[in-house]
Each structure stands twice: as C-alpha cells, then as structure tokens.
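**Student:** Have a look at this one before I ask anything.
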Amino acid sequence: MKAKKRVGILTSGGDCAGLNAVISAVVEAADKKGWEVYGINNGTDGITETPHRYEILTVHNFSDSPWPRLSGSYLGSLNKGVKMESLEEMSKKFAQGVKDLELDAIIVVGGDGSMNIVSNYCKNSTVQVIGIPKTIDNDTPVTEFSVGFQSAVQVCTSAIDSLELTARSHNRALVVEVMGRDAGHLAMHSALAGAADVCLVPEIPYTIDGVINRLKEIKKSGRNHAIIVVSEGVKTENGSHLSDKKNMVGEAVYGGIGQYLCDEISKRYKEFQIRSNTLGHIQRSGVPVAFDRLLASVYGAKAVELLDKGEDNKMVIWKNGHVDSVPLAEVVKEGTTLLNTKSDYVRAAHDLGIYIGELK
Ligand code: F6P
C-alpha cells in the first residue's frame, strides 16, 4: 500500500521547447506537498501498454539535473493519436494501467488533440486529470499561450534574421515555410518579429499577384532583397492543398507550399531570384526561451494546486497575464484556435505594409 499521493505526468503530441521545465515544476511543487511523481514514458503508451513504462522523478534525480533547461521531452512523447473506433478499448487499457500503477492523478502536457484523447480515456477511470497546454502551433483553445510557442517564434525569427543577410548578399527574395498546421500564429508572430515583407497564413486568402505587387514595391523603393513567410497550412492560389496526405489518425500532413510559391512567383516575375527554405522540425527544438520557462513554472505549480484542491478534468490557461483553469470539456468543444484576422497582430502587419493577403 502506498502512503503518499501519487501523480503521473506525461507529455503527448509533437514535442516543443519547455516540456522538461514543466515536468520539473510539477516535481518541485509535488515534492512540497510530500507527493510522489511517476514520469510516464512515451505519452499514454506508458500506461496503456504492458509492461507499463515509467520512472519515479524526484527533485534530486530530475529537477537538479540539466534537463529542465533543455528542449525535447525527457519522458518521450507520442504523436499518433487514436482512431475513434478503438477509443473504448484504449480507455479500458488506460483505466487498468492507472489501477496497476496506483495513480491518484495524471497531469497531461499536450495540445488540443491530446486533451481530447486523454479526457476520453479517463471516462472509465476515477483518476484526477489536469491538462497543461503545449504546442508550437499555439492553437490550443481558451489559453492565450501554450508552452513551446514563444521558443518556436524565436527559432523562426532567428532563421529570418539569418536568411535576410544572405538574401541581401544575393539580391534575392527568400521564402521561409514555417509550421503551425492549420493556424497562422507561428507565421504571423515570427513575420512581425522578423520584419518580413510578406506573411501568408491559412486564415487569409491571397493572390500570387498580391505577393508580386509587394515585391515590385520593394524593388521600386531601391531595396534588392525580400523575405516571404508562409505557413505550412496555406493553400495554393486556387484554394486547394498541395496534397491530401494524412497521418495515421487522419490529420493533414503539410509541406511544400514554400516551393510552390517560389515556382509560381518566378513564372510571373523575374526581377528577383527566388529560393525557398523549409524550417521543419528544428522549430520544435532549440533553447526554451524565458517566457516558455515562466509559463512552465506557473502552469506546473497551478496544476499541483488544482490537484490539491481536488479539482478534476481541468486545463490550466494563461489569460490577460493571469494563470487560471477551465474545464477540459470546454477546451475539447472548442477544437482549435485559429489566428484571429481582427487581432492587433494582423492589424499591425497590415499597417506596417506586410502583404498578408486579401483581408476583407
Ligand atoms: O503540431 C505540431 C507540429 O509541429 C505541426 O506544426 C506540424 O504540422 C506537425 O506537428 C508535424 O508533425 P510530425 O512531427 O508528425 O511531422
């Protein structure tokens, strides 16, 4: 029989910078309560598969190590989702795993998809569940910021800075394709921070001629280089995605819109040599920036506080400079938060002369 409250923590979905800082904050806060923390390996697989995979995390063996300062996930993550038809089966396995490990509570560090999966799994279990939002896409509903987003913005902005210097040397227009899935937050934030000339996001339609007109303006002003940021989820000019490739849970897999733009612009406008760069998974790594580590600390502490108060099925959020919590059901119901085309970010981009498409 265990004497202490036992909390499991797992990271789920695509990794991002700041996950280890979240784990560390949970370990520290739980330690102050005298609780035990089980770090579950490889997302929910560590619970649903046998033998279960976990390790006991302490301030001594984890928080005092260099890991909290590093990106990646010490615990490993899982980005394969679950098919709806196997949900019932999986939730039974999950309930059994929770029982075997004698977990009183689980903290899930994940995005919108992971919150959905885990809240479904927990329907057959009495375990307390608290979610902590993380994703470079920043599309988890209700919260203004998810852990990992600001670090990814930093990676993209640094890439734009580097590309601007080579664009300048070669009198080129360089296209930078960034991640974000169906949401343009990462593209818009890094385009604003990196002073790009064009920023195309899935939420706003555009024309190739609109992009070319911006390039012509730049040429006319006497500048011989330009930066075009494009979000991976942007469609072709005629409104279709480049491919209908899907991952194993039916989510769209994007990539290639940067090269498409490059090819289409080059066909119609020859004044700039154009090249495309795809940043890829490097956006999920790098040094976790201070704001992500701050979020990690306050989210970790809040999650433990909520468990201590007996709260269940909640996700911690950041709103107007405060940390709070909302029911997981509300997060699941909302799905994905896209870029608000009426936001200050979009307005600023427009007012600064960045071509952001044909905004109504
Ligand atoms: O959701 C995070 C994310 O990095 C998206 O921006 C991107 O589309 C996707 O994951 C890539 O997934 P994978 O790691 O399966 O290539």
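No lab work stands behind these numbers, since they all come straight from the coordinates. The structure displayed is predicted, hence computed values, not measured ones. All Cβ positions, even for glycine, are placed from backbone atoms using ideal geometry, and neighbour counts span all protein chains on display.
**Student:** Looking at the chain as a GNM with Cα springs under 10 Å, which of S151, S162, S63 has the largest mean-square fluctuation?
**Tutor:** S162
**Student:** From the gyration tensor of the Cα coordinates in the stretch 178-288, what semi-axes in whole Å does the equivalent ellipsoid have, largest first, with each one equal to sqrt(5λ)? Can you show the working numbers first?
**Tutor:** Details: eigenvalues 122, 60, 28 Å².
Values for the stretch 178-288, descending: 25, 17, 12 Å.
**Student:** Here's another thing I want to ask about it. Could you give the nm distance between label points at R223 and A252, where each point is 7 Å from its Cα heading toward the beta carbon?
**Tutor:** Between R223 and A252, the simple spin-label model gives 3.0 nm.
**Student:** Got the relative contact order for the stretch 198-238 handy, in percent, Cα pairs under 8 Å and 6 or more residues apart? Spell out each step's value before the answer.
**Tutor:** Details: 33 pairs, mean separation 26.2, N = 41.
Normalised by residue count, the contact order of the stretch 198-238 is 64 percent.
**Student:** How big, on average over all directions, is the shadow cast by the Cα convex hull of the chain, in nm²?
**Tutor:** On the way: hull surface 73.6 nm².
For the chain, averaging the hull's shadow over all directions gives 18.4 nm².
**Student:** Among S243, S231, S12, which one shows the biggest mean-square fluctuation in a GNM of the chain, springs joining Cα atoms closer than 10 Å?
**Tutor:** Most flexible of the set in this elastic network: S243.
**Student:** Amide H neighbours of V129 under 5 Å, at least 5 residues apart or on other chains, H built in the peptide plane: list them.
**Tutor:** Amide H neighbours of V129, under 5 Å, 5+ apart: I106, N313, K314.
**Student:** By DSSP, what percent of the beta bridges with both residues in the stretch 157-305 are antiparallel, rounded to the nearest 5? Mind dumping the intermediate values first?
**Tutor:** Values: 1 of 16 bridges.
Counting only bridges with both partners in the stretch 157-305, antiparallel ones make up about 5 percent.
**Student:** How high is the FRET efficiency from T50 to D312, r the C-beta distance, R0 30 Å, rounded to 0.05? Mind dumping the intermediate values first?
**Tutor:** Details: r = 26 Å, r/R0 = 0.86.
Efficiency at R0 = 30 Å is approximately 0.70.
**Student:** Another question, then. Output the antiparallel fraction of DSSP beta bridges having both residues in the chain, as a percent to the nearest 5. List each step's numbers first, then the result.
**Tutor:** On the way: 11 of 45 bridges.
Antiparallel bridges: around 25 percent, rounded to the nearest 5.
**Student:** In whole percent, what relative contact order does the chain give with Cα contacts below 8 Å and a gap of six or more residues? Please list the in-between numbers first.
**Tutor:** On the way: 812 pairs, mean separation 80.3, N = 360.
Here the relative contact order equals 22 percent.
**Student:** So for the pair L359, A290, with labels modelled 7 Å out along Cα→Cβ, what separation do we get in nm?
**Tutor:** 2.9 nm
**Student:** Among K93, K33, K270, whose mean-square fluctuation peaks in a Gaussian network model of the chain (Cα, cutoff 10 Å)?
**Tutor:** Fluctuation is largest for K270.
**Student:** Would you kindly state how much longer the chain becomes between N124 and I282 on full extension, computed as 0.36 nm times their sequence separation minus their alpha carbon distance, in nm to one decimal?
**Tutor:** Working: separation 158, 0.36 × 158 = 56.88 nm, distance 3.77 nm.
53.1 nm is the gain from fully extending N124 to I282.
**Student:** Let me ask something additional. From zero up to wherever the largest Cα-Cα distance of the stretch 154-215 sits, split into 5 Å bins and tell me the percent of pairs in each.
**Tutor:** Values per bin, smallest distances first: 4, 17, 27, 25, 19, 7, 1.
**Student:** Moving on to the next point. How long is the gain from K216 to T166 if the chain were fully straight, where each residue apart is worth 0.36 nm and the alpha carbon distance is subtracted?
**Tutor:** Values: separation 50, 0.36 × 50 = 18.00 nm, distance 1.97 nm.
Here the answer is 16.0 nm.
**Student:** For the chain, build the charge dipole from Cβ charges (+1 Lys, Arg; -1 Asp, Glu) around the Cα centre, then report which of A159, T336, L174 sits farthest towards its positive end.
**Tutor:** L174
**Student:** Let me ask something additional. What is the projected area of the convex hull of the Cα atoms of the stretch 295-360, averaged over all directions, in nm²?
**Tutor:** Working: hull surface 25.3 nm².
Approximately 6.3 nm², given one-decimal rounding.
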